[in-house]
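Okay, so here's the structure we're looking at.
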Amino acid sequence: MDELNPQPVYYPPTPPARRPRRRIGVEILKFLGLFVFFFVLLTLIVMAPTVYTKVSYYFFAPQENFSQKYELPVSVGTDLRDIQEVSNALDQKTTTPSADTLLIPKINVNAPIVYPTESSNEAILNAIKSGVAHYPNTAMPGRVGNVFLTAHSSYYWWSGGEFNQVFALLDKLAVGDLVYVYHQGSKYIYRVNKSFVVSPSQVDILNTNTQPILTLMTCTPVGTSLRRLVVQAELVGRPPVDAGDFAPFQQIPNLPIILPV
């Protein structure tokens with residue numbers, strides 16, 4: 001440009017800045033990550049007592065002998081002499097619960113047994129607010145047949161009640177572990193012999209049995225009601241109550257019902 005005759009200098013127009021392309025895949029991954037994070041956080045909040053129970057088991061169970069709290073053996077083999085010793089030890093205990101009670105030293109369970117008069121899901125849910133529910137029309141403890149007890153493995157902690165996660169550790173029971181049932185002043189010992197998972201529609205586990213067995217049931221996986229975890233045990237240490245002292249048990253009818261939650 002001439003200093004004596006200045007002329008404007010023109011530059012080519014600058015194209016507008018291009019916005020960075022949004023990568024859809026990255027955005028979807030971010031959304032899914034946030035969704036999973038908040039879902040896990042919400043689950044932990046809802047299931048706080050159950051999560052604490054399951055986590056604390058791994059930290060304290062190997063060191064703490066739960067049987068010391070109840071002064072009862074945790075498990076026993078198949079030796080009849082060992083079983084008899086357990087039975088004798090139970091007979092010598094002076095502290096017997098005044099109400100019907102379920103004791104499982106292995107998983108620190110000490111809960112009253114509640115007897116609802118109806119088998120509807122609503123009646124069972126109402127009963128397990130106060131303990132472990134005995135399913136109507138199944139055998140009574142110590143009798144020949146199937147003693148069927150159910151309880152929560154997890155539930156909303158703000159709903160109240162101290163038995164919302166009483167069966168949270170039911171999956172820790174193994175063959176040989178002992179379950180103690182107090183019923184009408186009598187004491188019965190059951191030895192776990194198997195555990196399995198069923199669908200809510202598999203109601204045949206409620207049926208009677210020709211042997212004196214105990215069935216414990218809860219929802220699984222913990223925090224859901226998708227399936228049912230079942231633990232079964234056999235009466236040991238003493239024979240069942242004479243069959244003539246009670247009415248025969250009825251087979252659960254094949255009705256369109258589901259196992260209680």
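The values are calculated or read from the model by the stated rules, or taken from the named source; none is laboratory data. Keep in mind that what you see is a predicted model, and the values were worked out from it rather than measured. With ideal geometry, Cβ positions are generated from the backbone for all residues, glycine too; neighbour counts draw on all protein chains shown.
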Item to complete: Return the residue satisfying two criteria in turn: it lies in the stretch 60-74 and is modelled with pLDDT of 70 or more and surrounded by fewer than 17 Cβ atoms within 10 Å (Cβ to Cβ), and of such residues it is farthest from M217 (Cα to Cα).
Response: E71
Worksheet item: Within the stretch 169-182, is there a residue that is touching a His at 6+ places or on another chain (Cβ under 6 Å) and not charged (D, E, K, R)?
Response: no
Worksheet item: Would you say R228 is surrounded by 17 or more Cβ atoms within 10 Å (Cβ to Cβ) and within 18 Å of P105 (Cβ to Cβ)?
Response: no
Worksheet item: Do any residues in the stretch 200-225 that are in contact (Cβ under 8 Å) with a residue 60 or more places away in the chain and on the phi > 0 side of the Ramachandran plot have Cβ atoms under 9 Å from those of residues that are assigned to a loop (DSSP other than H, G, I, E, B) and buried (at least 22 other Cβ atoms within 10 Å of the Cβ), where the two are at least six apart or on different chains, and which pairs are they?
Response: G223/M47; G223/S153; G223/S154
